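First the structure, in the form of structure tokens, and then the observations on it.
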Amino acid sequence: MTHDPDTSLLGRTPGLAEEHFAHDGLITKHAVRAVALAALRPMPGQLLWDLGTGAGSIAVEWCRTDPTCRAIGLERKAERAANARTNASELTLPGQFDVIDADLAKGLPEGLPDPDAVFIGGGATKALVNQCRPRLPIGGRLVVHGVTMEAEMLVETLHCDLGGDLIRFGVETADVIGRLHGWKPARTVVAWTWQRTE
């Protein structure tokens, strides 16, 4: 856990190491986060919805790119929402990142301001995607990541139906194997990116 709300210690570039966040082990890893932020393309003054925010790492990284960026994270698990609030306090400026307790299986809560971009890192469904798409402005971005077979089938269907970009990538990190070293793979990630054009 690191205290750096004004980015003076760690800078603004996405991809902070996991050690800087409060989390329960389930967190978007730094390399995957950097890929997600590249697809989300944060711009000054814009608002992100981070749906299923978990530790809030995507929202935090979005906010750190510019002091005028804002994010709203929605999370159903109280412990994870608490971690996201801690990370918001320690790694973003006051008022940049708000966390809402919400079960997205019941749909989006009422009263959310329209986003400029949406990230769904887990628990994506076609219904949730269809709720988000019309809320985006022209040029708004929607990024869905998944690691399960069900998520992969969903994003393949979304890509076939709606277009956008679809990638699948894996990350491996050096790890100790006895007295030697080898590569330790993380789960393969599927990522679908869609931009509203009309």
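Within the accessible area of the chain, what % is carbon and sulfur when the probe is 1.4 Å and the other protein chains stay in place?
Values: 5400 of 10060 Å².
Here it works out to 54 percent.
For a test of the definition: using alpha carbon positions, the gyration tensor, and the 1.5 limit on a/c, classify region 68-179 as rounded, prolate or oblate. Could you put the intermediate results ahead of the total?
Working: a/c = 1.71, a/b = 1.06, b/c = 1.62.
Note, shape of region 68-179 comes out oblate.
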(message) Between region 157-198 and region 87-109, what is the separation of their alpha carbon centroids in Å?
(response) 25
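How much accessible area per residue does the chain have, counting only protein heavy atoms and a probe of 1.4 Å, in square angstrom?
Ligands and nucleic acids excluded, the figure is 51 Å² per residue.
Let a ≥ b ≥ c be the square roots of the eigenvalues of the Cα gyration tensor of the chain; is it rounded (a/c under 1.5), or, if not, prolate (a/b larger than b/c) or oblate? Please list the in-between numbers first.
Values: a/c = 1.59, a/b = 1.12, b/c = 1.41.
Oblate is the answer for the chain, as a/c is 1.5 or above yet b/c matches or exceeds a/b.
The values are calculated or read from the model by the stated rules, or taken from the named source; none is laboratory data. For clarity, every value in this text was computed on a predicted model and none was experimentally measured. Quick note on the areas: whole protein, heavy atoms, side chains included, nothing else; ligands and nucleic acids left out. Shrake-Rupley method; radii C 1.70, N 1.55, O 1.52, S 1.80 Å.
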